[in-house]
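Down below is the structure, laid out as structure tokens.
The values are calculated or read from the model by the stated rules, or taken from the named source; none is laboratory data. The structure displayed is predicted, hence computed values, not measured ones. Note that each Cβ is placed from the backbone with ideal geometry, even for glycine, and that neighbours are counted across all protein chains shown.
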Amino acid sequence: MAEALLSLRINGESVHAAAPAHWTLLEVLRYRLDLIGSKQGCDKGDCGACTVQVDGEPVLACLTLACAAAGREVRTVEGLGWSPEASNGCHPLQDAFDRWDAAQCGFCTPGILMSAEALLRKVGRVVTRDEVREALAGNLCRCTGYTKIIDAVVDASEMLAAPRDET
Amino acid sequence: MLRLPQFGVALPSNVDAVVALLRDNPGARIVAGGTDILPNLKHRLDEPGMLISLAQVSELRSIAKLAHEGREVVEIGAGNTLTRVSEDPLVRELFPSLATAAGLVASPLIRNMGTLGGNVNLDTRCRYVNQTKFWREALGGGCLKSEGNVCFVVPGGRNCVAAMSSDCVPVLISLGAEIVLAGPEGQRVVPAAKYFKADGLRHTVRDDAELTTKLRVPVPTTPRRSAYAKWTVRKSIDFPLVSVALRFDLKSDSVDAPVTELVVVAGVLGAKPRVIAKLDDVIGKPLSDPALSRIVCAAVGKQCKPLENVPYEAPYRRRMFEVFTRRAIAELVAAG
């Protein structure tokens, strides 16, 4: 199986990896670069567990050919912790998910964080529950029933709009 | 885990290079967003030696209003994502039903990847086809569209009836759009209404060596009301189980004005979308006239004959085609 050299931009860094041409971005992230935050769920676009951002837009890494992502800015859940909004290695969304118990088994959480982060950036103000529902409509969670996930995303958008002291 | 079959990937940067690659590599397949072809390849419905990625073909991503052969049209590049089509101000203003349909495809993540050209050329779908190879083997070796030679939807059938499941196609037909193809012999233009065939194995007139480059949609010349109705079990992710596009051209800008022209198109029946016929009695009636809704819904119920090729019972879907048409017209009337 011939491998090709891929040059990718991932979480702000240039990385090189050799992988077969038919591999997806998800396979390269997980099995070549050891970035196993993005999860392999249904592997055919239904569940959203593999969501990453390409040029700022949330997309499915399981349906993106790795070679087609060359030259574009890929961001995974591992990169959230050192975004400008993060403090103590933790993005306000991650902090809110922790405080609201928005993760149970946690398998869907990385994908949901990437979809939610793109929403907060796009909207740029406090989001409504309906906006969160719409933005997360491609991310399945089988544990929580979504209520606390929506609570957490709304809370994170409030924190970003007006940081409050919660020590 | 679903592995892709082994293939090479070409990354051309313009349409001419794509056409040359298609000509030189028979059997190669085009991949744009990848949200249709890659799951199908993961299910081993095809094993092409090469995929031609459109990731770097930026000339397919424009949306512009221009004059073409003496009329105003909007040309939408086939490479625009469905998110872009659904949010574009020009599309929303001139073709609200197209913006609605594009915004209802699957999930936000898939709309961020999938393109309008890909949605137009979406492969036909069937509950017996879009399954893993392991699942299909359990049927005893697949069907007409996969590995076998029988049809599980129409016992004894020799013609594949997999469903045209695109949300945008019925709308594009209702709007009188044209599909522009680039091939080895140059450019070819096919009206959307003549693009599809009643054969689930090969449901478009596009040749394997051709690339869909843009959709050309005529700008309305009269006041218009248009709608797209879709029914799915979940509000996201799913393919349509009922899909109806409606377009009413009016004499003046009011729902009480007489209808001068109308087109109603239904999808998810067989491989070919159905343009509803025998609607002449509606011409001249006001859109708000309850008789108009009754005539249109009766024609839809009579002419749409769903099959058990997608989930849910066919008789139920047939009733729902009528119900969703009625609700769509009522919403147009209520909106004024």
Could you tell me whether the range B:259-271 includes any residue that is under 29 Å from B:Gly114 (Cα atoms) and not hydrophobic (A, V, I, L, M, F, W, C)? yes
Unmet requirement for B:Leu109, which otherwise passes all of (1) aliphatic (A, V, I, L, M); (2) away from chain A (no Cβ under 13 Å); (3) free of Cβ contacts under 8 Å to residues at least 24 places away in the same chain; (4) under 30 Å from A:Ala116 (Cβ atoms): (2)
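Can you work out which of the residues in the range B:293-320 that are in contact with a strand residue (DSSP E or B) (Cβ under 7 Å, 6 or more places away or on another chain) and without any contact (Cβ under 8 Å) to a residue 60 or more places away in the chain is surrounded by the fewest Cβ atoms within 10 Å (Cβ to Cβ)?
Narrowing the range B:293-320 to residues in contact with a strand residue (DSSP E or B) (Cβ under 7 Å, 6 or more places away or on another chain): B:296, B:300, B:303-304, B:309-310, B:317, B:320.
Subsequent filtering for residues that are without any contact (Cβ under 8 Å) to a residue 60 or more places away in the chain retains B:296, B:300, B:303-304.
Working: B:Val296: 26, B:Val300: 23, B:Gln303: 17, B:Cys304: 23.
Filtering the range B:293-320 for residues that are in contact with a strand residue (DSSP E or B) (Cβ under 7 Å, 6 or more places away or on another chain) and without any contact (Cβ under 8 Å) to a residue 60 or more places away in the chain, the one surrounded by the fewest Cβ atoms within 10 Å (Cβ to Cβ) comes out as B:Gln303.
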Which of the residues that make up the range B:42-55 are under 22 Å from B:Pro108 (Cα atoms) and of a type outside the set (Gly, Ala, Ser)? B:Lys42, B:Leu54
Only one of B:Gln56, B:Gln6 is within 14 Å of chain A (Cβ to nearest Cβ) and in contact with a Ser or Thr (Cβ under 7 Å, 6 or more places away or on another chain); which? B:Gln56
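Each row is one residue, and each column tells you yes or no for (1) surrounded by fewer than 17 Cβ atoms within 10 Å (Cβ to Cβ); (2) at pLDDT 95 or above; (3) among the charged types (D, E, K, R).
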| residue | (1), (2), (3) |
| --- | --- |
| B:Tyr128 | no, yes, no |
| B:Trp135 | yes, yes, no |
| B:Leu139 | yes, no, no |
| B:Cys151 | no, yes, no |
| B:Lys197 | yes, yes, yes |
| B:Arg206 | no, yes, yes |
| B:Glu210 | no, yes, yes |
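Looking at this structure, is A:Phe97 closer than 20 Å to A:Gln53 by Cα, assigned to a loop (DSSP other than H, G, I, E, B), aromatic (Phe, Trp, Tyr) and not assigned by TED's automatic domain parsing to the domain that holds A:Gln53?
Numbers: closer than 20 Å to A:Gln53 by Cα: yes; assigned to a loop (DSSP other than H, G, I, E, B): no; aromatic (Phe, Trp, Tyr): yes; not assigned by TED's automatic domain parsing to the domain that holds A:Gln53: yes.
Spelling it out, it is not the case that A:Phe97 is closer than 20 Å to A:Gln53 by Cα, assigned to a loop (DSSP other than H, G, I, E, B), aromatic (Phe, Trp, Tyr) and not assigned by TED's automatic domain parsing to the domain that holds A:Gln53.
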Residues of the range B:102-126 being aliphatic (A, V, I, L, M), in a loop (DSSP other than H, G, I, E, B) and buried (at least 23 other Cβ atoms within 10 Å of the Cβ), in sequence order, are B:Val105, B:Ala106
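Is it true that A:Ala66 is small (Gly, Ala, Ser), more than 29 Å from A:Cys143 (Cβ to Cβ), crowded, with 24+ Cβ neighbours inside 10 Å and out of contact with any Gly (no Cβ under 8 Å at 6 or more places or on another chain)?
Yes; evaluated as a whole, the condition is true for this residue.
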Picking from B:Val85, B:Val73, the residue that is buried (at least 17 other Cβ atoms within 10 Å of the Cβ), among the hydrophobic types (A, V, I, L, M, F, W, C), in contact with a Ser or Thr (Cβ under 9 Å, 6 or more places away or on another chain) and more than 11 Å from chain A (Cβ to nearest Cβ) would be B:Val85
Every residue in the range A:116-137 that is more than 11 Å from every other protein chain (Cβ to nearest Cβ) and in contact (Cβ under 8 Å) with a residue 60 or more places away in the chain, please. A:Glu117, A:Arg121
Of the conditions (1) buried (at least 21 other Cβ atoms within 10 Å of the Cβ); (2) within 14 Å of another protein chain (Cβ to nearest Cβ), A:Thr109 satisfies every one except a single condition; which number is it? (2)
Of the conditions (1) within 14 Å of chain B (Cβ to nearest Cβ); (2) touching a residue at least 40 places away in the same chain (Cβ under 8 Å), A:Ala103 clears all except one; give me its number. (1)
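Could you say which residue among B:Glu59, B:Glu47, B:Glu69 is touching a Phe, Trp or Tyr at 6+ places or on another chain (Cβ under 9 Å), farther than 30 Å from B:Ser243 by Cα and of a type in the set (D, E, K, R)? Spell out the reasoning first.
Details: B:Glu59 fails: touching a Phe, Trp or Tyr at 6+ places or on another chain (Cβ under 9 Å); B:Glu69 fails: touching a Phe, Trp or Tyr at 6+ places or on another chain (Cβ under 9 Å).
Exactly one of B:Glu59, B:Glu47, B:Glu69 is touching a Phe, Trp or Tyr at 6+ places or on another chain (Cβ under 9 Å), farther than 30 Å from B:Ser243 by Cα and of a type in the set (D, E, K, R), namely B:Glu47.
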Considering the range A:57-86 alone, what residues qualify as being at the interface with another protein chain (Cβ under 10 Å from one of its Cβ atoms) and part of a loop (DSSP other than H, G, I, E, B)? A:Thr64, A:Ala70, A:Gly71, A:Arg72
Can you tell me which residue in the range B:25-36 is farthest from A:Glu73 (Cα to Cα), limited to those that are facing chain A (nearest Cβ under 9 Å) and in contact with a strand residue (DSSP E or B) (Cβ under 7 Å, 6 or more places away or on another chain)? B:Val31
Exactly one condition in (1) surrounded by fewer than 24 Cβ atoms within 10 Å (Cβ to Cβ); (2) touching a residue at least 12 places away in the same chain (Cβ under 8 Å); (3) within 14 Å of A:Met159 (Cβ to Cβ) is false for A:Arg72; which is it? (3)
Output the strands (runs of 3 or more DSSP E) that fall wholly within the range B:208-286 and possess 3 or more residues being more than 16 Å from the chain's Cα centre (by Cα) and of a type outside the set (Ser, Thr, Tyr), or say none. B:242-250, B:259-266
Can you say whether A:Gly89 is within 13 Å of the chain's Cα centre (by Cα), more than 14 Å from chain B (Cβ to nearest Cβ) and not acidic (Asp, Glu), as far as the supplied structure shows? no
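From the list A:Gly37, A:Gly48, A:Gly41, which residue is in a loop (DSSP other than H, G, I, E, B) and more than 11 Å from chain B (Cβ to nearest Cβ)?
A:Gly37
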